[in-house]
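Just below is one structure, and these are the notes that go with it.
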Amino acid sequence: MKRGANVALTREIPGLTALVLGINWNAGGERVLDDNLVFAALLCGSDGRVRSDRDFVFFNQLASPDGSVHELEQALDGDKEQIEVDLAAVPADVDRIAVVLYINDGPGQRRTLGQLRSCVVRVLNGADNRELVRSEELATAFSTETAVALGEVYRHDRDWKFRVLGQGYSKGVAGVAADYGVPL
């Protein structure tokens, strides 16, 4: 799927109750970059912002407070990292779940996502790990960005949809936090 494109997941697959959001990247020989990339999820209300800092799921907070969104301990099927979403358990006041990739501060400084050779986000059926959606190659559009909003699962009427975003940030996680209202 291209940036901006969306798909009606639950309308096309009635009975879909869980998703796995996976990411795969190739940093080539950039070991420091590879070791300092962070895949995270943000649970957002109707205003597009997190309800609190507890709605930021990443390596220091592996699950949302209600348990509906959590990082998997081990990624499967070639992904570098994966986040599982129990659609039925997502609180009613959460309208979208954005997934982002950013370079962790510290040892990752002076690295950019423009150094990636590839970056693809995909959506799997949580019941059987069958791939439902794969983004286009996103890395080709990166240059000085240090974070990117990859995509989002969102409510539309009574259905869940997925949209590829590919929105880059030159200010890293601070830029993501500002847009999504995450207190740092």
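The values are calculated or read from the model by the stated rules, or taken from the named source; none is laboratory data. These figures come from a predicted structure and were not determined experimentally. Positions of Cβ are generated from backbone atoms using ideal geometry, with glycine treated the same way; all protein chains shown enter the neighbour counts. Ligands, DNA and RNA are excluded from the accessible area calculation, which covers all protein heavy atoms including side chains. Shrake-Rupley method; radii C 1.70, N 1.55, O 1.52, S 1.80 Å.
Miscellaneous remarks
- Counting only strands (runs of 3 or more DSSP E) that fall entirely inside segment 130-184 and contain at least 2 residues that are in contact (Cβ under 8 Å) with a residue 12 or more places away in the chain and surrounded by 21 or more Cβ atoms within 10 Å (Cβ to Cβ), the qualifying elements are 147-156, 159-169.
- The set of residues in segment 1-17 being closer than 17 Å to Ala98 by Cβ, assigned to a strand (DSSP E or B) and open to solvent by less than 60 Å² (accessible area, probe 1.4 Å) consists of Val7 alone.
- Restricting segment 18-70 to residues that are surrounded by fewer than 21 Cβ atoms within 10 Å (Cβ to Cβ) and hydroxyl-bearing (Ser, Thr, Tyr), the residue that is nearest to Asp159 (Cα to Cα): Ser46
- Residue check, Arg111 without any contact (Cβ under 8 Å) to a residue 40 or more places away in the chain and basic (Lys, Arg): no
- Selection from segment 152-184 of residues that are in contact with a Lys or Arg (Cβ under 6 Å, 6 or more places away or on another chain) and either at negative phi or hydroxyl-bearing (Ser, Thr, Tyr) (or both): Glu152, Tyr154, Asp159, Val164, Tyr180
- Cβ separations smaller than 8 Å between residues 6+ apart or across chains give the following pairs from segment 48-70 residues that are without any contact (Cβ under 8 Å) to a residue 12 or more places away in the chain to residues that are of a type outside the set (Ser, Thr, Tyr) and in a strand (DSSP E or B): Arg54/Gln61; Leu62/His70; Leu62/Glu71; Ala63/Val57; Ala63/Val69; Ala63/His70; Ala63/Glu71.
- Number of residues in segment 71-106 that are open to solvent by 50 Å² or more (accessible area, probe 1.4 Å) and over 24 Å from Leu138 (Cβ atoms) equals 5.
- Tally of residues being of a type in the set (Lys, Arg) and in contact with a helix residue (DSSP H, G or I) (Cβ under 6 Å, 6 or more places away or on another chain) across segment 99-151: 1
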